[in-house]
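The structure under discussion appears below in the form of structure tokens.
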Amino acid sequence: MHTKTNTRFLPKGLSILFEDRDLLVVDKPAGLLTIATESEKSKTAYASLMDYVKKGSERSKNRIFIVHRLDRDTSGILVFAKTEVAKQTLQDNWDKTKKFYVAVTHGIWKEKKGIIQSYLTESKAHRVYSVDDPKLGKLAETKYKVLKESNLYSLLEIELITGRKNQIRVHFAENKHPIVGDSKYGNDTKSYQRMALHSLSITLNHPFHKKELTFSTTIPNFITGLVGGYERNNDET
């Protein structure tokens, strides 16, 4: 179970929500990579949490394993495994895992709830987009519901039915409602302090004892502030 953490190994804004011998669940801040890229090798959630489980000892055999990823500018729940068996078990059942996000998009949605479905593929320039031919892409499904609107923006709850790279961002941008602060798929003319996308909750079966676990976080103030504030009801995700 989660015990008092040694925060000196954790970057600012990264907090541990749950920990046992198989799982390590964290709340990742926006701006922190999940894993290394060609341009950034060390300032990642993975590297920091590897240091954390090793407690600063290079000879420690403790380690963590990637289960899924969040984009650098997406905040919220990120799940790591602490054994290879746990990683494989979680990934094999990832399509059964319930994953909810919140986002603020530009504009007012005509349909206040629905499912966006397309086949996604990726260009050589690492830009994800939808294609008509199922043979050329992977099926992606995004379920959404508008929670609150302002004159300019809409706050949405999103259930990620599939988990493709950049899926939510692409689906919303292609439907003319890009996520606020999305510099890759949106066309913002002004800058925002971060992208308004947050991994809100994940429900999964524990890889060892199979008990259902739900992890949730609060919605960042920046996101709710875009629509003049929002209070979640108890019956919501």
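The values are calculated or read from the model by the stated rules, or taken from the named source; none is laboratory data. If you're wondering where the values come from, they're calculated on a predicted model, not measured in any experiment. Here the Cβ is made from the backbone with ideal geometry for all residues, glycine too, and neighbour counts use every protein chain on show.
Residues checked against (1) outside the structural domain of Glu111 (by TED's automatic domain parsing); (2) surrounded by fewer than 12 Cβ atoms within 10 Å (Cβ to Cβ); (3) among the charged types (D, E, K, R); (4) more than 20 Å from Asp95 (Cβ to Cβ):
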position: Ile168; (1), (2), (3), (4): no, no, no, no
position: Ala173; (1), (2), (3), (4): no, no, no, yes
position: Lys184; (1), (2), (3), (4): no, no, yes, yes
position: Lys190; (1), (2), (3), (4): no, yes, yes, yes
position: Arg194; (1), (2), (3), (4): no, no, yes, yes
position: Pro207; (1), (2), (3), (4): yes, no, no, no
position: Val227; (1), (2), (3), (4): yes, no, no, yes
position: Arg232; (1), (2), (3), (4): yes, no, yes, yes
Given the range 125-237, what strands (runs of 3 or more DSSP E) lie entirely inside it while holding 3 or more residues that are under 27 Å from Leu33 (Cα atoms) and in contact (Cβ under 8 Å) with a residue 60 or more places away in the chain?
153-160, 197-205, 212-216
Have a look at Ala81, Ala140 and point out the one that is in contact with a Ser or Thr (Cβ under 9 Å, 6 or more places away or on another chain), surrounded by 21 or more Cβ atoms within 10 Å (Cβ to Cβ) and either of a type in the set (Phe, Trp, Tyr) or not assigned by TED's automatic domain parsing to the domain that holds His177 (or both).
Ala81
Within the range 84-93, take every residue that is of a type outside the set (Asp, Glu) and surrounded by fewer than 16 Cβ atoms within 10 Å (Cβ to Cβ) and give me the one that is farthest from Ala140 (Cα to Cα).
Val85
Of all residues in the range 104-121, how many are among the acidic types (Asp, Glu) and under 17 Å from Ser183 (Cα atoms)?
0
Being within 19 Å of Arg164 (Cβ to Cβ), of a type in the set (A, V, I, L, M, F, W, C) and in a helix (DSSP H, G or I) is the filter here; which residues of the range 85-110 pass it?
Leu90, Trp94
Run Lys43 past the list (1) surrounded by 15 or more Cβ atoms within 10 Å (Cβ to Cβ); (2) more than 12 Å from the chain's Cα centre (by Cα); (3) under 30 Å from Thr224 (Cβ atoms) and report the number of the one that doesn't hold.
(1)
Does Arg63 meet the test of being of a type in the set (D, E, K, R), assigned by TED's automatic domain parsing to the domain that holds Val25 and free of Cβ contacts under 8 Å to residues at least 40 places away in the same chain?
yes
Filter result for Lys98 (surrounded by fewer than 21 Cβ atoms within 10 Å (Cβ to Cβ) and more than 14 Å from the chain's Cα centre (by Cα)):
no
Close pairs (9 angstrom Cβ cut-off, 6 or more residues apart or separate chains): closer than 14 Å to Ala173 by Cα in the range 112-124, surrounded by fewer than 14 Cβ atoms within 10 Å (Cβ to Cβ) anywhere:
Gln117/Leu139; Ser118/Val131; Ser118/Asp132; Ser118/Leu139; Leu120/Val131; Leu120/Leu139
